[in-house]
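Read the structure below first, then the notes.
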Amino acid sequence: MYRWLIRPILFRCDAEWVHHAVVKILKVVCKVPGVTTLFRWLFWGKAYYNPVVFVGTKFPNRVGLAAGFDKNAVLIDELASMGFGHVEIGTVTPRPQPGNPRPRLFRLPADKALINRMGFNNDGVDTVVERLKRRKSKVIVGGNIGKNTTTPNEEAYKDYLYCFDRLYDYVDYFVVNVSCPNIASLHELQDRNQLQTILQHLVDSRKNRLVKKPILLKISPDLDEAQIDDVLDVVNSLGIDGLVVTNTTVKREGLVTSSQAVKEIGAGGLSGQPLKNRSTELIRIISSKTDGQLPIIGVGGIMDERDAEEKIRAGATLVQVYTGFIYAGPFLPSRINKRLAADK
């Protein structure tokens, strides 16, 4: 029904407008008595609870929602009823910011892909914290943190540290986003010295806490071999708990969509099916380099159950969906959960 009726209607409208409309509809619908219970019955199924320990935390299943869908933590309770074992909010920055000018989110249906140049649009970490204080569900929540666009790179660590400190008591793990292609010069923070400075401040802050929250680093699919080795050296030396592999890509090779149409869309990060193989390849490479000892969340191009299985076999412990959730529909998490449970 979703593929043949609902999706064609939604895809006739602007992608970002549809996203905000769906958020509002879910908020309203889930306020009706009994709807959340109905959602849990529909989306959870017997395979929903398939627990796995990741970075010292027990996750109810392996499937999560990637950062970017619920940037501002407005849908956590609703999404918790739809089969997700964890929800990653953000990317969150210290101060609110509008992001890049619209239009900034584009579909490539022939490729089952999206191109976005959102630019870390969010309500700011202080507003997000207030929402997290009011959440009712116990779903695992990750906090994806970044810097404000106007913050110079040499001061970026201050933004990451501020978000880290404000969110610490309200999320279960952190993801440091230095790899989004939609913030000018952000990719420079992946260079060894810059990355070490940011992560060192977060690790030092964590030392003073009673509870140790995991810190993960989200990396770009466009890293070369030397950059991967640099990242792993920094991660190992500082005791970073794991990686999220991968963010979106700036590359456009192998697309079915015409080069002219892609050129007209312009800059942005590409996600979805074209990213699948590179993401899986990087998971396999990193798992091999670390003898499978570095925990990994696999993201990128998971459009169905088999794609999720590939990420797990390559070395990921958890997987996250976003573009696949949009193309395949709301039952994707429960289908993946059922498949992974059957593989046990």
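Checked against (1) free of Cβ contacts under 8 Å to residues at least 12 places away in the same chain; (2) within 30 Å of Asn121 (Cβ to Cβ), Leu38 meets all criteria but (2).
Condition check: assigned to a helix (DSSP H, G or I) and among the aromatic types (Phe, Trp, Tyr). Does Tyr170 satisfy that?
On the way: assigned to a helix (DSSP H, G or I): no; among the aromatic types (Phe, Trp, Tyr): yes.
Considered against the rule, which asks whether it is assigned to a helix (DSSP H, G or I) and among the aromatic types (Phe, Trp, Tyr), Tyr170 comes out as no.
Contact annotation: residue pairs with Cβ atoms under 7 Å, 6 or more positions apart or on different chains, pairing a residue in the range 64-76 that is touching a residue at least 24 places away in the same chain (Cβ under 8 Å) and at positive phi with a partner that is crowded, with 24+ Cβ neighbours inside 10 Å and not acidic (Asp, Glu), are Ala73/Ile89; Ala73/Val128. Number of residues in the range 181-199 that are over 18 Å from the mean Cα position of the chain (by Cα) and either surrounded by 21 or more Cβ atoms within 10 Å (Cβ to Cβ) or touching a residue at least 40 places away in the same chain (Cβ under 8 Å) (or both): the value is 8.
Picking from Val128, Val178, which residue would you name as being touching a helix residue (DSSP H, G or I) at 6+ places or on another chain (Cβ under 9 Å), of a type in the set (Val, Ile, Thr) and either in contact (Cβ under 8 Å) with a residue 60 or more places away in the chain or closer than 19 Å to Leu79 by Cβ (or both)? I'd like the intermediate steps shown before the answer.
Values: Val178 fails: either in contact (Cβ under 8 Å) with a residue 60 or more places away in the chain or closer than 19 Å to Leu79 by Cβ (or both).
Just one listed residue meets the conditions, Val128.
Of the residues that sit in the range 317-329 and are outside any helix (DSSP H, G or I) and in contact with a helix residue (DSSP H, G or I) (Cβ under 7 Å, 6 or more places away or on another chain), which one is surrounded by the fewest Cβ atoms within 10 Å (Cβ to Cβ)? Filtering the range 317-329 for residues that are outside any helix (DSSP H, G or I) and in contact with a helix residue (DSSP H, G or I) (Cβ under 7 Å, 6 or more places away or on another chain), the one surrounded by the fewest Cβ atoms within 10 Å (Cβ to Cβ) comes out as Gly329. The selection criterion, being in contact (Cβ under 8 Å) with a residue 60 or more places away in the chain and more than 18 Å from Ile285 (Cα to Cα), does not hold for Pro221.
Which is within 24 Å of Thr249 (Cβ to Cβ), touching a Ser or Thr at 6+ places or on another chain (Cβ under 7 Å) and surrounded by 14 or more Cβ atoms within 10 Å (Cβ to Cβ), of Gly146, Gly142?
On the way: Gly142 fails: touching a Ser or Thr at 6+ places or on another chain (Cβ under 7 Å).
Step by step, each of Gly146, Gly142 is checked, and only Gly146 is within 24 Å of Thr249 (Cβ to Cβ), touching a Ser or Thr at 6+ places or on another chain (Cβ under 7 Å) and surrounded by 14 or more Cβ atoms within 10 Å (Cβ to Cβ).
Looking at the range 14-60 only, could you name the residues that are more than 20 Å from Val87 (Cβ to Cβ) and loosely packed, with under 11 Cβ neighbours inside 10 Å? Answer for the range 14-60, where residues must be more than 20 Å from Val87 (Cβ to Cβ) and loosely packed, with under 11 Cβ neighbours inside 10 Å: Val32, Pro33, Gly34, Lys46. Here Gly99, Gly119, Gly68 are screened, and the one residue that is within 30 Å of Leu42 (Cα to Cα) and outside any helix (DSSP H, G or I) is Gly68.
Taking the options Val256, Val245, Val211, name whichever one is hydrophobic (A, V, I, L, M, F, W, C), closer than 30 Å to Lys58 by Cα and surrounded by fewer than 16 Cβ atoms within 10 Å (Cβ to Cβ). Result: Val211 is the single residue among Val256, Val245, Val211 that is hydrophobic (A, V, I, L, M, F, W, C), closer than 30 Å to Lys58 by Cα and surrounded by fewer than 16 Cβ atoms within 10 Å (Cβ to Cβ). Search the range 172-193 for residues being closer than 25 Å to Lys213 by Cα and among the acidic types (Asp, Glu), and hand back the single one that is modelled with the highest pLDDT. Only one residue tops the list, namely Asp172. Summed over the range 286-311, residues that are in contact (Cβ under 8 Å) with a residue 60 or more places away in the chain and either surrounded by fewer than 19 Cβ atoms within 10 Å (Cβ to Cβ) or part of a loop (DSSP other than H, G, I, E, B) (or both) total 5.
Which one is farthest from Ile115 (Cα to Cα), of the residues in the range 243-283 that are among the charged types (D, E, K, R) and not in a loop (DSSP other than H, G, I, E, B)? Before the answer, list the steps.
Taking the range 243-283 first, the residues among the charged types (D, E, K, R) are 251-253, 263-264, 276, 278, 281.
Then keep just the ones that are not in a loop (DSSP other than H, G, I, E, B); that gives 263-264, 276, 278, 281.
On the way: Lys263: 11, Glu264: 12, Lys276: 15, Arg278: 16, Glu281: 21 Å.
Filtering the range 243-283 for residues that are among the charged types (D, E, K, R) and not in a loop (DSSP other than H, G, I, E, B), the one farthest from Ile115 (Cα to Cα) comes out as Glu281.
Answer yes or no as to whether Arg117 is of a type in the set (D, E, K, R) and under 30 Å from Asn50 (Cα atoms).
Numbers: of a type in the set (D, E, K, R): yes; under 30 Å from Asn50 (Cα atoms): no.
Here the answer is no, as Arg117 does not meet what is asked.
With respect to (1) farther than 21 Å from Ala110 by Cα; (2) within 23 Å of the chain's Cα centre (by Cα); (3) modelled with pLDDT of 95 or more; (4) not hydrophobic (A, V, I, L, M, F, W, C), the lone exception for Lys251 is condition (1).
Count of the range 144-199 residues, restricted to those that are in contact with a strand residue (DSSP E or B) (Cβ under 7 Å, 6 or more places away or on another chain) and among the β-branched types (Val, Ile, Thr), is 6.
The values are calculated or read from the model by the stated rules, or taken from the named source; none is laboratory data. Values in this document were obtained by computation on a predicted structure and should not be read as measured data. Quick reminder, even Gly has a Cβ in these numbers, built from the backbone with ideal geometry, and neighbours come from all protein chains shown.
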